[in-house]
Amino acid sequence: MNGSESDDLDHLFSETVRETMDGSVYGAWRSIRDADAVPLSFGFPYPDSFPNGELVSAAESLFEYEGDCALQYGGGEYADALPEVIAEQARDRGIDCTTSQIHVTNGATNAIDTVCQTFLDAGDTVFVEAPTFMGALRLFRNYGVDIEGCEMDTEGLDVAALEAELAAREAAGEPLPKLLYTIPNFHNPTGVTLSADRRKRLCELAETYDFLVLEDDPYGQLRYDGAEPPPIRALDESRRAVRVNTFSKTIAPGVRTGWVIAEESFVEQFDRVNAGGEPSYTRGLIARYAEDGRLDRAIEELCAGYSERRDRMLESLAERMPPGTWWSEPEGGFFVWVEFPEGVDAEAMLPDAIDAGVTYLPGSFFYPDDGGTRNARISFSHASPAEIDEGIAALASAVRAETSAIEADD
């Protein structure tokens, strides 16, 4: 592993250790961080995807045009122009959006946290997909809310099961959710996409049962197959959908710039809660970089690079994994969700997989309670196609050894 990759892993490791006090998870993270193995664990963009030269050019032209204003509080004209860049992107994806409905944040995690600060109180109920993004689980736990997992299948959130649960809670006088968190496109960790019909029904349920839908869409523009369903925000006639997004996946994680799209009254609250949380220099840099179609062209190139990696992973899984293994087939994003044969414990198998030459994240990391014992999230975003093939071969070897041991014990 080269130095920059090692630095990235150390940084993510230090952040994640703060997310949990669970000793077994801590030990697993140490094993993953220190492993001399193919890293299929983390959703990092591959280094060659970063538009280094274009960003340098954008920075130089930004200073030529704005001078010291680019570094002042609030930035200059280009910083002010970023909400319109975001609004244009949203409109291109079918969302009726004005700049007054946009709040810019220091990354997507800051955006989610801002929504939490604005709407959640200790003791509230939050519904999440089970499994879901573990960083969101950490944020929700910080606010002392009750987190309830909702069933998923190959079409994303099981909205029929959600409807039954909401009706049962209402009939029993139990708390209804104040907020439901969903990752509808190329879900983290499962890679599946929420169908259009379910998105529409989810909006109807939000109106009927009076809860907010927090739509987290960091991967939505990284589509490699199929047609994009309408964003939840575009289908939301009752205006209960709050949409979060980021430039981390389409430019680079280090730009640390995200945003929220919501009703203007909500945005006014976000502005008060998160005052001073907007990265003014980076706002200007991104707006300058996005001019002349550079961002759109970069996304096309990203999709080509990630599509090659996705295809290699799916082909290698089909060629190598033993019978009884299932995996998702994402149309975009970074992740594949694997279910191992009966009896395999993904967390317990991790040390053997590392010894075989691969890392992954156990599925149990992504649940608000028990779940995911047989599952793992593997990422195709960072490794090269050749490394992906090597990593899947090592994973298949570890699974075969585990299943052989299980059969011997039986």
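The values are calculated or read from the model by the stated rules, or taken from the named source; none is laboratory data. What you are looking at is a predicted structure, and each value in this text was computed from that prediction instead of being measured. Cβ coordinates were reconstructed from backbone atoms using ideal geometry, including for glycine residues, and neighbour counts include every protein chain displayed. Keep in mind that these areas ignore ligands, DNA and RNA; they rest on the heavy atoms of the full protein, side chains included. Shrake-Rupley method; radii C 1.70, N 1.55, O 1.52, S 1.80 Å.
If you run the Gaussian network model on the chain, springs between alpha carbon atoms under 10 Å, then out of Ser397, Ser61, Ser379 the most flexible one is Ser61. Put simply, the amide H of Leu212, placed in the peptide plane, has neighbours under 5 Å in Leu179, Leu180, leaving out anything fewer than 5 places away on its chain. Residue order by solvent-accessible surface for Cys69, Cys303 is Cys69, Cys303, largest first, with ligands and nucleic acids left out and a 1.4 Å probe.
Roughly how many debye, to the nearest 20, is the charge dipole of the chain about its Cα centre, given +1 on each Lys and Arg Cβ, -1 on each Asp and Glu Cβ, and no other charges?
Values: 32 positive and 77 negative charges, 90 e Å.
Value, rounded to 20: 440 debye.
Each residue of the stretch 245-254 is assigned a 3J(HN,Hα), and the resulting list reads 8, 7, 8, 4, 8, 9, 10, 5, x, x Hz, derived from the Karplus form 6.51 cos²θ - 1.76 cosθ + 1.60 (θ = phi - 60°), x at Gly and Pro. Per-residue SASA remark: Arg400, around 110 Å² accessible (1.4 Å probe; ligands, DNA and RNA not included). Residues whose amide H falls under 5 Å from that of Leu361, counting only those 5 or more places apart or on a different chain, are Arg377, with hydrogens built in the peptide plane. Considering only alpha-carbon pairs that sit under 8 angstrom and 6 or more positions apart, the relative contact order computed for the chain is 24 percent. For the set Glu54, Glu319, Glu237, the ranking by accessible area, highest first and with no ligand, DNA or RNA atoms included, is Glu237, Glu319, Glu54 under a 1.4 Å probe. Dividing the convex hull volume of the alpha carbon atoms of the stretch 311-350 by its residue count gives 80 Å³ per residue. Over the stretch 225-338, the fraction of Cα-Cα pairs per 10 Å bin, rounded to whole percents and listed from the shortest bin up, is 10, 28, 32, 21, 8, 1. For the residues Arg233, Arg138, Arg223, a GNM of the chain with alpha-carbon springs under 10 Å puts the largest fluctuation on Arg138. Rounded to the nearest Hz, the phi-derived 3J(HN,Hα) couplings of the stretch 392-398 under the Karplus curve 6.51 cos²θ - 1.76 cosθ + 1.60 (θ = phi - 60°) are 5, 4, 5, 5, 4, 4, 5, where x marks glycine and proline.
Helix-only arithmetic for the chain: the sum of -39500 (n - 2.57) across DSSP H runs with n ≥ 4, divided by the residue total, places the mean residue ellipticity at 222 nm at -15500 deg cm²/dmol. DSSP beta bridges confined to the chain are antiparallel in about 55 percent of cases.
In the context of the full set of protein chains, residues of the chain present 41 Å² of accessible surface per residue (probe radius 1.4 Å, heavy atoms only). The alpha carbon radius of gyration of the chain, expressed as a multiple of 2.2 N^0.38 Å, is 0.99. For the stretch 34-91, the C-alpha radius of gyration divided by 2.2 N^0.38 Å, with N the number of residues, is 1.67.
What a 1.4 Å probe finds exposed on the chain is 45% carbon and sulfur by accessible area, rounded to a whole percent.
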